[in-house]
Number of protein chains: 2
Amino acid sequence: MQRRGRIELRPIGWVESPLTDRALAPRQGDEGAPEAWLAFDEAVADGLRDLVPGNEVIVLTWLDRADRDVLRVHPRDDPSVPQQGVFSTRSADRPNPIGLHRVEIASIEGRRFRVRNLEALDGTPIVDVKPVLSRRRRSR
Amino acid sequence: MQRRGRIELRPIGWVESPLTDRALAPRQGDEGAPEAWLAFDEAVADGLRDLVPGNEVIVLTWLDRADRDVLRVHPRDDPSVPQQGVFSTRSADRPNPIGLHRVEIASIEGRRFRVRNLEALDGTPIVDVKPVLSRRRRSR
């Protein structure tokens, strides 16, 4: 079993959003997130070419303002709710703060994709984009 | 916009599976994947404590045998299908090969979780676990 070697993520782009303050950001994308842009790096342009407006995709981000030492949280930051282990919550604070965001591509201008319902903060690194899989139609 | 700083993932555990050969592994977890175990590191035990058998979770892995330089693939490795950009496929080969696996926890023995429908290879690093969110019930 391989247990060595550094695992380094390389951003493929960055989020552009009016959201800049974590305390004010919605907790999930369908809780009032504004429109935002995914601005991709030129180096990955060839990987983007089959995405079109209307596609629903899962955007993976690196939540760079999260606290990686947290293992227990009050769900939804509500101190009246008992603490839970982070792996049964969607807390941004966790050992590897990877964000999963299901969004719809509203429009595309070159390597800039406008999306709906993205709650990530401005400047958040994007690390991957995957299609939403349905049970009917799957592509590897 | 922050564009500097290394992003390093720290494994929180490893997959134990009879699958060892990428060429023979199913492409999606519901295409005949065997039962497998998630073996978590002691350091993250406190984050696991509210997970119970029957929970459906999303396991995030680092697909350490993937090729990070690939931007176009034939979907499902079928050369008769035209190449697509990797971000409209679920190819393991992509700039940041993070695997998303929706699995059900079958049983728990300490920090070892038995799961169904996990197509990851033996020894694959686990980097995160998140609950499946439904529209009805959400926890941050």
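Laboratory data are not the source of any read-out in this text; all were calculated from the coordinates shown. All of these numbers come straight from a predicted model, not from anything done at the bench. When we count neighbours, we look across all protein chains shown, and the Cβ atoms used for this are built from the backbone with ideal geometry, even at glycine.
Mean-square fluctuations from a GNM of chain A, with a 10 angstrom spring cutoff on Cα atoms, peak among A:Pro75, A:Pro97, A:Pro125 at A:Pro75.
Taking a point 7 Å out from Cα toward Cβ as the label site, list the nm distances between A:Gly5 and the same residue in every other copy, smallest first. Copy-to-copy label distances for A:Gly5: 2.6 nm.
Note down the nm distance, to one decimal, between modelled labels 7 Å out along Cα→Cβ at A:Arg22 and at B:Asp46. Placing both labels 7 Å along Cα→Cβ, they lie 1.7 nm apart.
Copy-to-copy label distances for A:Asp41, where each label lies 7 Å from Cα along Cα-to-Cβ, are 2.4 nm in order of increasing length.
Taking A:Asp64, A:Asp78, A:Asp93 in turn, the Gaussian network model of chain A (Cα-Cα springs below 10 Å) assigns the largest fluctuation to A:Asp78. Can you list the distances in nanometres, one decimal and ascending, from the A:Asp77 label point to the identical position in each other copy, with the point 7 Å along Cα to Cβ? So the label point of A:Asp77 gives 4.6 nm to the other copies. In the elastic network of chain B, a GNM with C-alpha springs shorter than 10 Å, the most mobile of B:Ser80, B:Ser107, B:Ser88 is B:Ser80. Label-to-label distance, A:Arg72 versus B:Ser80, with points set 7 angstrom from Cα along the beta-carbon direction: 5.7 nm. Across q = 0.09, 0.19, 0.20 Å⁻¹, chain A modelled as identical point scatterers on its alpha-carbon atoms has Debye log10 I(q)/I(0) values of -0.31, -1.18, -1.25, in the order of the q list.
What is the average number of partner chain Cβ atoms found within 10 Å of a Cβ in A:88-99?
For peptide A:88-99, the averaged partner shielding equals 6.
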